[in-house]
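Engineer: Here it is, the structure, as C-alpha cells.
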Amino acid sequence: MAQRQPAELTRPEEPCTLRVGLLQAAPVFGAVDDNVAHLAALRSEVGPVDLAVAPELSLNGYGFARHSVEDLITPHDPRLAPLHQGPGTVGIGFAEENPAGLPWNSYLLMGDGGSGHVQHKIHPVSYAPWNEHLLFEPGTRVAVTEIAGAKVATVICNDMWHPAVPWLAARSGAEVLVVPVASIDGADPAGIKRTWRTILEHTALLLQCYVVFVNRSGTDSGVRFWGGSRVLGPDGAVLAELAEEPNTAVADLDLSALRRLREDVPILAESRTDFLGSAIPPSTAAGAAAHFAARLAGQEPDRV
C-alpha cells in the first residue's frame with residue numbers, strides 16, 4: 001500500500017503542490033513486456049498523482065551487457081501503452097534506440113497522450129563492473145520541463161556524482177529533481193547507502209529543491225539492488241521512504257513554500273555564472289575530454 005506524508009506548509013497562503021509517486025520496481029534484464037506489466041501494476045497501486053516515477057532502465061532491466069536490438073525502445077513505442085493510465089505523468093527509464101550508434105540510457109517523463117520529455121544520461125559510468133561507456137552514447141544536455149505547474153528536471157544516477165549537472169538543472173529553474181538510479185549493494189552496502197544519503201541531502205539543501213530519488217530493487221544479472229527510494233524536501237528532511245522490496249509511496253511537494261524559500265534566501269540567484277568560462281583552465285578541460293574519449297573507445301587513457 002502507498003505511504004503518504006505531505007510536506008508541511010509554513011505560512012498561510014494558497015497552496016501549490018505536486019503529488020509524486022515512487023514506483024520502486026524490480027525489472028529483469030531483457031524482459032521488456034514483463035517489466036512494462038510490473039510497472040503498470042505499481043502505477044495502478046499508487047493511485048492519482050501528478051507524477052509517478054520508476055527507476056533507471058526500469059523497462060529493460062540492468063544487465064551489465066549490450067541490449068538486443070529488439071529490446072531497444074523509442075519514446076513513442078507502442079509497448080508503452082499500458083503505462084498510459086489517465087491524467088498525470090509517468091517517468092520511465094529505458095535503453096533508447098539511437099540510429100547513429102550506441103543506444104542512449106534514457107528517461108522519459110511521459111504525459112497524457114504519450115507526449116513527453118526525454119533526458120539522456122550524461123555520464124555513463126566508465127569503470128567496472130558497470131562499463132556503461134561501452135554500452136551507451138552519452139547525453140549532451142540537461143533540460144527542464146513543466147509538470148502540473150512545477151519545473152522538473154531529470155538527473156540520472158551517475159550524473160548526480162557530477163555536481164555540475166544538478167546545479168545546472170536547478171540554475172535553469174528546476175524545483176524538483178527526479179533522480180532515477182540502479183544502485184547495487186556491492187562490496188560495501190552500508191557505504192554506498194551512506195554516500196547516496198549524503199549526495200541527496202547536499203543537493204536538496206544547497207540547491208533548494210525537492211529530490212525524488214527512485215532506486216530499483218530485486219536481483220538482476222546476479223547482483224542485488226537495495227531500493228531505498230525516497231523523497232527529500234529542500235531542508236533535507238525525508239518526506240517518504242521505501243525499504244528494499246518492490247513497493248510504492250506518495251508525497252505531496254509544497255511548491256509555494258519552496259518558492260518562498262528561494263525568494264527569502266536566494267542562493268541560486270547569487271550564483272556567479274559570469275566567471276565559469278575562465279575558471280576552468282583549458283588544459284584541464286582538454287585533459288578531461290581526452291580521458292573520456294579514450295574510455296569511450298575502450299582504451300586505457302595515458303596517466304600523467
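The values are calculated or read from the model by the stated rules, or taken from the named source; none is laboratory data. No experiment lies behind these values; they were computed from the predicted model shown. Every residue, glycine among them, receives a Cβ derived from its backbone with ideal geometry; neighbour counts consider all protein chains shown.
Engineer: Every residue in the stretch 13-57 that is part of a loop (DSSP other than H, G, I, E, B) and charged (D, E, K, R), please.
Structural biologist: Passing the criteria: GLU13, GLU14, ASP50, GLU56.
Engineer: Considering (1) closer than 23 Å to ALA128 by Cβ; (2) of a type in the set (Gly, Ala, Ser); (3) crowded, with 16+ Cβ neighbours inside 10 Å, say which one ALA169 fails and leave the rest.
Structural biologist: (1)
Engineer: Can you tell me which residues in the stretch 28-67 are farther than 15 Å from MET110 by Cβ and either outside the structural domain of ALA249 (by TED's automatic domain parsing) or hydroxyl-bearing (Ser, Thr, Tyr) (or both)?
Structural biologist: The answer is SER44, TYR62.
Engineer: Check CYS16 against each of (1) modelled with pLDDT under 90; (2) within 20 Å of LYS151 (Cα to Cα); (3) surrounded by fewer than 22 Cβ atoms within 10 Å (Cβ to Cβ) and name the one condition it does not meet.
Structural biologist: Here CYS16 clears every test but (1).
Engineer: For THR89, all conditions in the list (1) in contact (Cβ under 8 Å) with a residue 40 or more places away in the chain; (2) among the hydroxyl-bearing types (Ser, Thr, Tyr); (3) over 22 Å from VAL176 (Cβ atoms); (4) touching a helix residue (DSSP H, G or I) at 6+ places or on another chain (Cβ under 9 Å) hold save one; what is the number of the exception?
Structural biologist: (3)
Engineer: Here's a follow-up. Which of the residues that make up the stretch 147-164 are without any contact (Cβ under 8 Å) to a residue 60 or more places away in the chain, assigned to a strand (DSSP E or B) and surrounded by 21 or more Cβ atoms within 10 Å (Cβ to Cβ)?
Structural biologist: If the condition is that a residue be without any contact (Cβ under 8 Å) to a residue 60 or more places away in the chain, assigned to a strand (DSSP E or B) and surrounded by 21 or more Cβ atoms within 10 Å (Cβ to Cβ), then ALA153 is the only one that fits.
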